[in-house]
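Each remark here refers to the structure printed beneath this line.
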Amino acid sequence: METTTTIDPAEVAKFEAMAAEWWDPAGKFKPLHMLNPCRLDYITTQIAAQFGRDLKAPAPFAGLRILDIGCGGGLLSEPMARLGAEVVGADAAERNIPVAKLHAEQSGLTIDYRHCAAEDLAATGERFDVVLAMEIIEHVSDPQGFTDTCAALLKSGGLMICSTLNRNPKSWLMAIVGAERIMRWLPVGTHDWTKFITPDELFGLIRKAGLDPVDRKGMVFNPVTWGWKLSDRDLSVNYVTASVKR
């Protein structure tokens with residue numbers, strides 16, 4: 001695979017080293033397994049609203065083409081496929097792809113997994129109704145270039161959903177000290193706090209890429225219920241955005 005403008009080789013190497021553990025809910029990706037229901041709640045609600053779909057209907061996303069950039073082992077690609085979408089999962093970490101393919105086959109799902117970067121897909125002229133860029137923008141070398149590429153991959157009226165981590169003292173305490181060093185949910189060094197992006201900064205990147213932000217919400221961890229929930233007000237650590245291509 002050719003080196004592109006937004007891939008950070010050091011970041012790719014981190015996830016290559018953990019590839020075999022994607023589907024272990026107690027493994028190194030435990031935080032994503034815990035977060036996934038909250039992420040899916042937001043993603044499905046936004047897609048349904050944008051494209052006028054009834055989530056209670058059989059295969060509500062039938063006819064929609066969805067790209068999951070940085071798909072990892074397929075934690076989001078598989079639910080999208082179950083909802084009827086045509087799914088392409090792309091990841092720059094080569095070892096993630098066979099893990100994702102095997103699990104999809106075992107689950108009876110057809111998903112087009114590819115070892116490539118977003119730029120590689122954009123260069124082919126492929127376009128999608130929805131682009132998912134979840135927990136990836138804080139790992140790329142050029143956030144604006146990455147956002148521009150996501151926009152290029154969307155059809156007119158298409159929806160981009162992007163989640164990341166805010167940059168402030170609280171996120172350093174929660175995501176770096178808490179999640180990596182105290183709780184050991186992630187290997188130390190998984191995240192670089194200096195690459196976290198504030199909501200206003202992300203909206204700036206999105207607008208510059210030719211997308212219109214339509215929503216943003218926080219994803220908040222409750223230590224009492226040991227679960228995540230969406231919040232209209234608390235974007236202090238994890239948050240997710242939706243934007244539409246003009």
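The values are calculated or read from the model by the stated rules, or taken from the named source; none is laboratory data. This is a predicted model, so every value here is computed, not measured. Cβ sites come from the backbone with ideal geometry, for glycine too, and all protein chains shown count toward neighbours. Areas reflect the complete protein model, heavy atoms only, side chains present, ligands, DNA and RNA absent. Shrake-Rupley method; radii C 1.70, N 1.55, O 1.52, S 1.80 Å.
Of the residues making up region 121-136, one or more are more than 19 Å from G63 (Cα to Cα), at pLDDT 95 or above, of a type outside the set (V, I, T) and under 15 Å from the mean Cα position of the chain (by Cα). In region 66-143, counting only helices (runs of 4 or more DSSP H) that sit wholly within it, the ones holding 2 or more residues that are open to solvent by 40 Å² or more (accessible area, probe 1.4 Å) and closer than 25 Å to L211 by Cα span 118-123.
Has region 51-64 got at least one residue that is under 15 Å from M134 (Cα atoms) and either open to solvent by less than 70 Å² (accessible area, probe 1.4 Å) or at pLDDT below 90 (or both)? Within region 51-64, not a single residue is under 15 Å from M134 (Cα atoms) and either open to solvent by less than 70 Å² (accessible area, probe 1.4 Å) or at pLDDT below 90 (or both).
Here's the yes/no breakdown for (1) in contact (Cβ under 8 Å) with a residue 60 or more places away in the chain; (2) of a type in the set (V, I, T):
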position	(1), (2)
L159	yes, no
C162	yes, no
L173	no, no
T198	no, yes
V220	no, yes
V224	no, yes
R233	no, no
S243	yes, no
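Apart from one condition, T194 fits all of (1) under 19 Å from K14 (Cβ atoms); (2) in contact with a helix residue (DSSP H, G or I) (Cβ under 8 Å, 6 or more places away or on another chain); (3) part of a helix (DSSP H, G or I); (4) not basic (K, R); the exception is (2).
Scanning region 218-238 for residues that are in a loop (DSSP other than H, G, I, E, B) and among the polar types (S, T, N, Q), which turns out least open to solvent (accessible area, probe 1.4 Å)? Among them, the one singled out is S236.
The test for being within 16 Å of the chain's Cα centre (by Cα), polar (S, T, N, Q) and open to solvent by less than 40 Å² (accessible area, probe 1.4 Å) does not hold for T198.
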